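The values are calculated or read from the model by the stated rules, or taken from the named source; none is laboratory data. Nothing here was measured: the structure is a model prediction, and the numbers come from that model. Using ideal geometry, Cβ is built from the backbone for each residue, glycine included, and neighbour counts are taken over all protein chains shown. Protein only, heavy atoms only, side chains kept; ligands, DNA and RNA dropped before computing areas. Shrake-Rupley method; radii C 1.70, N 1.55, O 1.52, S 1.80 Å.
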Amino acid sequence: MFDLIIRGGRVITASDSFIADVSVRDGKIAALGTELPGSAPRVIDASGLFVFPGGVDGHTHMEEPFMGTVSSDDFYTGTLAGAAGGVTTIIDYAYQEPGKTLSDAAGTWMGKARSKAVIDYGFHLVVTDLETSSDAEVRDLMVRGYPSMKLFLCYEGLKQSDATLVRMLKNARAAGGLVLVHAENDALVEALIRDALLEGHTEPCWVARCRPKAAEIEAVFRAVSLAESIDAPLLVVHMSVAEGVDHLRRARRRGARVFAETCPKYLLLTEDKLEGDWYSAAGFTCAPPLRDREETRRLWDRLSAGEIDIVSTDHDCFDLRGRKDLGRDRFDKIPLGMPGIETRLPLLFTYGVGSGKISLNRFVDLCSTAPAKIFGLYPEKGTIAPGSDADLVLFDPHKKVVLGKDVLHQHVDYCPYEGTEVTGYPVVTISRGEVVFDRGIFSAEKGRGRFIPRKPFEVPRRGRP
Ligand code: URP
Ligand code: ZN
Ligand code: ZN
């Protein structure tokens, strides 16, 4: 007797594709096979559908205090939107607050998520003051469920020095941690912002103009060089420039443990969206910024070539009215970030798999398996195998949806992909054996999501011998 059986779908993992039944007991996958014997109180007919492992979005910002406001999705609305978009696990960023420790940050974010999240979650800790949190505390947290920690190399109040980056890389090497970096050269960005303001520029397009590709390329090279020298694992998050990815590829060939994350926004949207009407343009402000069309092509090339490891969203919603418009008169005051948790799977499926740029297995790897491995969640998350959590997405490869604010569940007053038609959409999402979303209907109890303590980093080297 099982709790749930999903019959006749095409199971797709990062390596395989086969028609099978999937049976679930006690929140875990119990068996996989054709015409599995046994019964269950609920049987879902998945014929004609793909069965993917639940999406792992390794980069979200729910109820994030940032640039004078708070992001508009909280852990309830944001994880509901995730469930509707085929996501079953998120890793959110927990910021160390002034005068407080990293353990405090973990506690604070746990307090926000515990009673609200409908899918499972973990936290990357954001180091803002390594004097308040000691190396001993960092290493202890890395082995106690928080192996990944982010350093911003830019932003007043958040930016960290090279000395701190070196310390963190040493901590990561010693304790099985993974350092994440937001790679943009702060001095260059700040100087360009100052000049632009002095020249009287206020419009959203200046967000991109003041954050040139060179700022990202330089910071990526620096971070990768330090990680390689120290032999510590590093993930460069939200990469928008192919030349940065090339730095990683070269270091990786020499044996460095360096990894690349990008987001659908950098593959699909371009900087010209930042021109024109203020309320339209401001919705496309983020850091690193959107780039030109040619750069998106280069990024797709790197993705197709296997040089980018994961596709996350950097889901960081700010309403145009009441949040983004804090910067109505000054582009440097616009809270930076864009929504994305609900649209990652359909967009990458449509524009990646649908156009032949990536295979179906690679799609699963980028959105689920590789993030689960890199962030210490595998094999409980990120695959479909007996013993793994029954986190599953039933995905209709032919379903057409025109994306827009009114069809999505993200708690934000715009959609960056308004009017874009996608082919391929999640129809049922299952978290630990429980159907949490079924063809437009949510059945997840608020707060049912669980904190998942993550394992230390253990991805093998990929370099050439
Ligand atoms: O553009 C964004 N999301 N900025 C804020 C958070 C981040 O990841 O850098
Ligand atoms: Zn960042
Ligand atoms: Zn982010």
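For the range 41-86, with all protein chains in place and a probe radius of 1.4 Å, 58% of the accessible heavy-atom surface sits on carbon or sulfur.
Overall shape of the range 33-169 was characterised from the C-alpha gyration tensor. The equivalent ellipsoid obtained from it has semi-axes of 36, 17, 13 Å, in decreasing order.
Ellipsoid semi-axes for the chain, based on the Cα gyration tensor and the rule √(5λ), read 34, 25, 21 Å when sorted largest first.
Taken over the range 136-180, the ratio of Cα radius of gyration to 2.2 N^0.38 Å equals 1.12.
Accessible area of ASP135 (1.4 Å probe, protein heavy atoms only, ligands and nucleic acids ignored): about 50 Å².
Relative contact order of the chain: 23 percent, from C-alpha pairs under 8 Å at least 6 residues apart in sequence. Protection proxy ranking for 312-322, 85-95, 410-420, using the average of other Cβ atoms within 10 Å per residue and placing the highest first: 85-95, 312-322, 410-420. For the range 280-439, the convex hull drawn through the C-alpha positions has a volume of 134 cubic angstrom per residue. Summing charges over neighbours of GLU63, with a neighbour being any other residue whose Cβ is under 10 Å away from its Cβ, gives -2 when K and R count +1 and D and E count -1.
If we count every other residue with Cβ under 13 angstrom of ARG323's Cβ, Lys/Arg +1 and Asp/Glu -1, where does the sum land?
Values: positive: ARG321, LYS324, ARG328, LYS333; negative: GLU63, GLU64, ASP73, ASP316, ASP319, ASP325, ASP413.
After counting each charged neighbour, the total is -3.
Tally the DSSP beta bridges in the chain and give the antiparallel ones as a percent, rounded to 5. Given both bridge residues lie in the chain, the antiparallel proportion sits at roughly 45 percent.
The distance separating the Cα centre of the range 327-406 from that of the range 32-102 comes to 10 Å. Rounded to the nearest 500, the helix-only mean residue ellipticity at 222 nm of the chain stands at -8000 deg cm²/dmol, with each DSSP H run of n ≥ 4 adding -39,500 (n - 2.57).
Put a dot 7 Å past the Cα of VAL43, heading toward its Cβ, do the same for ALA31, and the two dots end up 1.3 nm apart. Full extension of the chain between ARG194 and ASP272 gives 25.8 nm of extra length, using 0.36 nm per residue less the Cα-Cα distance. Counting only protein heavy atoms and a probe of 1.4 Å, the accessible surface of the range 100-201 is 52% carbon and sulfur. Of the solvent-accessible surface of the range 273-395, computed with a 1.4 Å probe over protein heavy atoms with every protein chain present, carbon and sulfur atoms account for 46 percent. Summarising the amide proton neighbourhood of LEU235: residues at separation of 5 or more, or on other chains, whose placed amide H is nearer than 5 Å comprise VAL179, LEU180, VAL181, PHE259. Put simply, the convex hull of the Cα atoms in the range 74-150 casts, on average, a shadow of 4.9 nm². How many angstrom lie between the C-alpha centres of the range 435-465 and the range 252-304? Measuring centre to centre over Cα atoms gives 24 Å. With K and R counted +1 and D and E -1, the other residues having a Cβ less than 12 Å from that of PRO264 yield a net charge of -2. Calculated accessible area for the chain comes out at 35 Å² per residue, all protein chains present (probe 1.4 Å; ligands, DNA, RNA ignored).
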